[in-house]
1. Run down 39, 26 and say which single residue is modelled with pLDDT of 95 or more, under 25 Å from the mean Cα position of the chain (by Cα), under 30 Å from residue 147 (Cβ atoms) and buried (at least 18 other Cβ atoms within 10 Å of the Cβ).
2. Considering every residue within segment 94-101, establish whether at least one is in contact (Cβ under 8 Å) with a residue 24 or more places away in the chain and closer than 26 Å to residue 37 by Cα.
3. Right, residue 123: in contact with a strand residue (DSSP E or B) (Cβ under 6 Å, 6 or more places away or on another chain), outside any loop (DSSP other than H, G, I, E, B) and free of Cβ contacts under 8 Å to residues at least 60 places away in the same chain or not?
4. Which one is nearest to the chain's Cα centre (by Cα), of the residues in segment 121-161 that are surrounded by fewer than 19 Cβ atoms within 10 Å (Cβ to Cβ) and under 26 Å from residue 224 (Cβ atoms)?
5. Just for strands (runs of 3 or more DSSP E) wholly inside segment 1-105: which have at least 1 residues that are more than 28 Å from residue 169 (Cα to Cα) and touching a strand residue (DSSP E or B) at 6+ places or on another chain (Cβ under 6 Å)?
6. Residues of segment 158-173 being part of a loop (DSSP other than H, G, I, E, B) and in contact with a helix residue (DSSP H, G or I) (Cβ under 8 Å, 6 or more places away or on another chain), which ones?
7. In segment 73-86, which residues are under 29 Å from residue 127 (Cα atoms) and either touching a helix residue (DSSP H, G or I) at 6+ places or on another chain (Cβ under 6 Å) or crowded, with 23+ Cβ neighbours inside 10 Å (or both)?
8. Looking for whichever is part of a helix (DSSP H, G or I) and surrounded by 21 or more Cβ atoms within 10 Å (Cβ to Cβ) here; the options are 181, 229. Which one fits?
């Protein structure tokens, strides 16, 4: 009896498809009234354009922009919760837009997702058409209907980038500074658990989400590398960090890897005068494993992956394969490879006035 009660008390992830999207969007919007904290995660077809370890933040942003603009989102997970750590609900939205043979992808990443249980064929056949449904404009409108919402991610630059790219008809801002400003304008208060962990003694920015949860004695509900389960894990880890590490508040307004402090939330002199760059700690990683990077330490076990990711020519210049074409300069990266269908444009007159908490 106790075991059954415990099973019933576990947070449940609602899988969202084309057939139940209207019902679940209504439930999510209603839930948001009582649970204003939003943890979210995305699943996408992998990294195409990589950067060197010593690449600048601007070079890293250029690569991220190229990656996001040239690939399609597969899943998005949202977990709504409150300041007490109580979970209101978790939704895992499956999108039907990815899956055409011509869609850009990293085949190794796709195989990795399949091995972790993502049924990409079902997602393609039964998922939500994000453009036909207008999913992201509608979702943003739901978020804007509430005041004082806060967004939580783990290593969330790509999560926010996909959201903004889709809202802006397939384009991201040209510079990382403009991107950071857009994140503030659209989302307001944001937290990145990878940044928070860097402020916490005994943890660190080098930890992946699963390892961070393990150290905090948080059990996973669902399967890793599914957007719903990862967003739920993000919410649970965030709540625990807020309880046990007061200094984690200093991470408010920072995104890991962007290299820009977006919202100043503390007048502490030491914090205000410290560098705003949020760089990864490489202390526990042998240099031989880090020929390239994506601006972050991978959350999955690289030993599980097979096949070459990086190509070298005799002169020592790094080359990579992009849809059968080898490129070796960031400024040679192709732009978006597919047209975004017409949808409600992301513009100030659509979003309406910024919430009051952004104007303070």
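1. Numbers: 26 fails: buried (at least 18 other Cβ atoms within 10 Å of the Cβ).
Exactly one of 39, 26 is modelled with pLDDT of 95 or more, under 25 Å from the mean Cα position of the chain (by Cα), under 30 Å from residue 147 (Cβ atoms) and buried (at least 18 other Cβ atoms within 10 Å of the Cβ), namely 39.
2. Start the filter on segment 94-101 by keeping residues that are in contact (Cβ under 8 Å) with a residue 24 or more places away in the chain, which leaves 94-99.
Next cut, closer than 26 Å to residue 37 by Cα only: 94-95.
For segment 94-101, residues in contact (Cβ under 8 Å) with a residue 24 or more places away in the chain and closer than 26 Å to residue 37 by Cα: present.
3. Working: in contact with a strand residue (DSSP E or B) (Cβ under 6 Å, 6 or more places away or on another chain): yes; outside any loop (DSSP other than H, G, I, E, B): yes; free of Cβ contacts under 8 Å to residues at least 60 places away in the same chain: yes.
Spelling it out, residue 123 is indeed in contact with a strand residue (DSSP E or B) (Cβ under 6 Å, 6 or more places away or on another chain), outside any loop (DSSP other than H, G, I, E, B) and free of Cβ contacts under 8 Å to residues at least 60 places away in the same chain.
4. For segment 121-161, the residue satisfying everything is 150.
5. Details: elements: 13-16, 37-43, 75-81, 87-94.
Here the list reads 13-16, 75-81, 87-94.
6. Just the residues of segment 158-173 that are part of a loop (DSSP other than H, G, I, E, B), to begin with: 168-173.
If the condition is that a residue be part of a loop (DSSP other than H, G, I, E, B) and in contact with a helix residue (DSSP H, G or I) (Cβ under 8 Å, 6 or more places away or on another chain), then 170, 171, 172, 173 are the ones that fit.
7. Taking segment 73-86 and keeping what is under 29 Å from residue 127 (Cα atoms), we get 73-82, 86.
Listed by number, the residues that qualify are 73, 74, 75, 76, 77, 78, 79, 80, 81.
8. Numbers: 181 fails: surrounded by 21 or more Cβ atoms within 10 Å (Cβ to Cβ).
Result of the check over 181, 229: 229.
The values are calculated or read from the model by the stated rules, or taken from the named source; none is laboratory data. Because the structure is a prediction, the values reported are computed rather than measured. Backbone-built Cβ (ideal geometry, glycine too); neighbour counts: all protein chains shown.
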